[in-house]
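Q: Before we start, here is the structure in question, set down as structure tokens.
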Ligand SMILES: [Cu+2]
């Protein structure tokens with residue numbers, strides 16, 4: 001495996017089931033509150049995975065304003081401008097990928113993966129992951145990474161200690177500018193602004 005790919009694999013993947021027809025899965029969900037801190041115009045951590053119904057807090061530690069927002073349907077939200085020491089939150093009531101931006105700083109990007117069941121994992125620093133207590137059966141495994149163009153989908157069988165190995169290819173990745181919350185391009189000096 002290429003070192004680059006290995007590193008990307010380490011960074012993050014989200015994995016979820018269910019399920020091919022016939023396998024009935026009802027994982028009990030525990031709602032969470034997690035934090036994505038804003039420091040030096042950066043979201044950290046910039047990728048989180050949460051169960052449906054969970055809340056993400058966005059505390060601003062910078063001495064200037066940020067405007068956390070998303071236009072990812074159906075989880076769009078807009079926390080408005082707020083300054084240092086303030087924290088605003090959003091509760092995610094739909095499953096799916098939510099791209100979180102800042103209306104002031106176009107380079108600020110975070111991802112919230114909202115999961116409809118508990119069968120998911122975020123790989124550790126060595127790239128390994130485990131999804132515990134999956135009832136035996138056939139499932140469809142979805143693998144996501146911010147730098148691959150589409151999810152990798154794999155049919156897998158759970159039962160005993162099933163092992164699956166997946167390598168992601170991010171060679172085609174390049175930074176794509178996005179629009180602000182009004183659907184317009186950021187000002188041309190965006191990213192160079194003093195604050
Ligand atoms: Cu910002």
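The values are calculated or read from the model by the stated rules, or taken from the named source; none is laboratory data. Everything quoted here is computed from the prediction, not taken from an experiment. All Cβ positions, glycine included, derive from the backbone under ideal geometry; neighbour counts span all protein chains shown.
Q: Within 16 Å of the ligand (Cβ to nearest atom), assigned to a strand (DSSP E or B), over 14 Å from the mean Cα position of the chain (by Cα) and crowded, with 19+ Cβ neighbours inside 10 Å: which single residue out of 79, 141 fits that description?
A: After ruling out the rest, the residue left standing is 79.
Q: Take the conditions at pLDDT below 85, closer than 20 Å to residue 110 by Cα, surrounded by 10 or more Cβ atoms within 10 Å (Cβ to Cβ) and out of contact with any helix residue (DSSP H, G or I) (no Cβ under 9 Å at 6 or more places or on another chain) and apply them to residue 195. Does it pass?
A: yes
Q: Let me ask something additional. Return the only residue of 106, 187, 177 being free of Cβ contacts under 8 Å to residues at least 40 places away in the same chain and within 16 Å of the ligand (Cβ to nearest atom).
A: Matching residue, one of 106, 187, 177: 187.
Q: Could you say which residue among 170, 110, 121 is surrounded by 15 or more Cβ atoms within 10 Å (Cβ to Cβ) and part of a strand (DSSP E or B)?
A: When all the criteria are applied, what remains is 110.
Q: Right, next: Considering (1) surrounded by fewer than 18 Cβ atoms within 10 Å (Cβ to Cβ); (2) modelled with pLDDT of 95 or more; (3) within 29 Å of residue 174 (Cα to Cα), say which one residue 155 fails and leave the rest.
A: Unmet condition: (2).
Q: Only one of these is modelled with pLDDT under 90 and within 19 Å of residue 46 (Cβ to Cβ): 167, 190. Name it.
A: When all the criteria are applied, what remains is 190.
Q: Looking only at region 82-101, filter to residues that are under 16 Å from the mean Cα position of the chain (by Cα) and within 12 Å of the ligand (Cβ to nearest atom); which one of those is nearest to residue 117 (Cα to Cα)?
A: Looking at residues that are under 16 Å from the mean Cα position of the chain (by Cα) and within 12 Å of the ligand (Cβ to nearest atom), I get 100.
Q: Given (1) over 19 Å from residue 129 (Cα atoms); (2) part of a loop (DSSP other than H, G, I, E, B); (3) modelled with pLDDT of 50 or more, identify the lone condition not met by residue 38.
A: Single failed check for residue 38: (2).
Q: Related question: So, in region 47-70, how many residues would count as being away from the ligand (no atom under 13 Å from the Cβ), touching a residue at least 60 places away in the same chain (Cβ under 8 Å) and either in contact with a helix residue (DSSP H, G or I) (Cβ under 9 Å, 6 or more places away or on another chain) or part of a loop (DSSP other than H, G, I, E, B) (or both)?
A: Total meeting the criteria: 3.
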